[in-house]
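Presented below is the structure to which this report refers.
The values are calculated or read from the model by the stated rules, or taken from the named source; none is laboratory data. Only a predicted model underlies this, so the values are computations on that prediction, with no experimental measurement involved. Here Cβ is always computed from backbone atoms with ideal geometry, including for glycine, and neighbour counts include all displayed protein chains.
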């Protein structure tokens with residue numbers, strides 16, 4: 001297999017080089033240049049670090065491998081999509097502030113190819129195994145990241161119940177001594193499969209065809225789900241489906257996704273549920289029938305592609321969530337002072353970089369496809385858009401500027 005292509009950093013044009021223009025020359029700035037120049041002017045007021053990259057193709061997955069590596073996979077309708085294991089630029093982890101530094105390339109550690117569009121990718125903790133899901137959704141694909149070469153090799157496949165080409169199984173991993181994969185496209189098709197033996201250890205047995213948007217393993221026996229309708233639930237795999245009581249009603253209207261804040265991320269287990277019109281609800285996992293608080297996010301329009309909706313809890317910052325899937329931005333909100341009224345709220349911070357691709361085509365505004373928080377750096381996030389851009393950014397808390 002030929003080596004995977006190098007991930008290319010975006011060109012910052014002349015103003016990054018520091019060369020001065022003759023004073024008599026009138027400079028007409030493009031929108032992308034305006035944004036980068038403004039970002040340079042505001043550094044370090046808005047960003048501690050800001051880095052932009054071009055991937056070979058758009059991705060919907062950003063999966064951490066430790067704190068300096070990330071897996072991405074192409075999601076475009078083409079013969080082959082690449083799966084890449086990338087190392088973040090080491091200058092991101094330098095003690096001093098680097099800002100828009102010149103050495104901004106990811107290093108490709110491993111690569112492979114898949115003949116499907118990857119919509120889910122999970123790394124099995126403490127192993128070199130990856131699990132992918134995509135369309136057409138006939139099976140899950142297992143991969144092995146090579147120890148002695150730069151190749152990601154395809155391994156065995158896991159068949160899925162009720163194969164549907166238009167749907168793909170959502171995936172989450174029970175990272176126990178014997179790893180298991182939780183997967184399903186609908187409540188009725190939920191299964192847990194032992195990765196070594198590939199034996200099914202749990203099935204929901206539910207007579208419910210509701211489509212899933214989110215699956216999240218919480219501990220060795222428990223997982224949470226969110227249906228596209230907004231219906232929420234917590235499931236203990238040691239119990240029968242009919243005995244479960246921790247189900248929340250559908251909020252009604254639009255499409256929904258969700259994420260649970262685990263105990264390692266902060267006190268108490270709270271669940272954030274995001275609707276395609278920008279509604280954001282915070283719930284206690286012990287009572288999913290009544291939100292603790294709710295708000296209307298500052299989004300321009302409903303999501304043009306609800307499949308790309310994403311809400312994530314900050315793993316280090318208390319009570320902060322990030323949302324994307326509405327446009328070319330990622331918004332960060334502090335949910336501390338919210339009430340139950342659903343009133344409009346403004347973000348604590350907005351990353352607008354994906355709104356300005358290098359080559360803008362009319363009526364093709366980029367849409368953020370996914371984002372993720374760095375597992376240890378409090379305000380560092382990665383985000384990707386459907387123009388194949390990948391950004392790494394460390395934002396400054398605006399409240400600290402006034403303290």
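Given the options 61, 72, name the one that is modelled with pLDDT of 95 or more and assigned to a loop (DSSP other than H, G, I, E, B). Even if it seems obvious, please write down each step before you answer.
Values: 72 fails: assigned to a loop (DSSP other than H, G, I, E, B).
Sole residue among the options that is modelled with pLDDT of 95 or more and assigned to a loop (DSSP other than H, G, I, E, B): 61.
Restricting attention to region 193-244, report how many residues are under 16 Å from residue 257 (Cα atoms) and part of a strand (DSSP E or B). Counting residues in region 193-244 that are under 16 Å from residue 257 (Cα atoms) and part of a strand (DSSP E or B) gives 15.
Determine which member of the set 324, 289, 303, 276 is in contact (Cβ under 8 Å) with a residue 24 or more places away in the chain and either over 21 Å from the mean Cα position of the chain (by Cα) or more than 23 Å from residue 346 (Cα to Cα) (or both). Only one candidate qualifies: 289. On the basis of being within 21 Å of residue 311 (Cα to Cα) and touching a residue at least 12 places away in the same chain (Cβ under 8 Å), does residue 172 make the cut? Yes: the conditions hold for residue 172. So, in region 327-354, how many residues would count as being within 15 Å of the chain's Cα centre (by Cα), touching a residue at least 40 places away in the same chain (Cβ under 8 Å) and not in a strand (DSSP E or B)? The total comes to 2. Starting from residues that are in contact with a helix residue (DSSP H, G or I) (Cβ under 9 Å, 6 or more places away or on another chain) and at pLDDT below 95, keep the ones in region 240-291 and report whichever is nearest to residue 342 (Cα to Cα). Applying the filter and picking the extreme gives 254. Could you list all residues from region 223-236 that are buried (at least 19 other Cβ atoms within 10 Å of the Cβ) and either closer than 16 Å to residue 175 by Cα or touching a residue at least 60 places away in the same chain (Cβ under 8 Å) (or both)? Matches in region 223-236: 223, 224, 228. The conditions of being touching a strand residue (DSSP E or B) at 6+ places or on another chain (Cβ under 6 Å), within 30 Å of residue 355 (Cα to Cα) and crowded, with 21+ Cβ neighbours inside 10 Å are not met by residue 297. Among the conditions (1) over 19 Å from residue 396 (Cβ atoms); (2) touching a strand residue (DSSP E or B) at 6+ places or on another chain (Cβ under 8 Å); (3) at pLDDT 95 or above, the only one that residue 320 does not satisfy is (1).
When we screen 6, 45, 104, 19 for residues that are at pLDDT below 90, touching a helix residue (DSSP H, G or I) at 6+ places or on another chain (Cβ under 7 Å) and part of a loop (DSSP other than H, G, I, E, B), the only hit is 45. The set of residues from region 150-180 being touching a helix residue (DSSP H, G or I) at 6+ places or on another chain (Cβ under 8 Å) and not in a loop (DSSP other than H, G, I, E, B) comprises 160, 161, 162.
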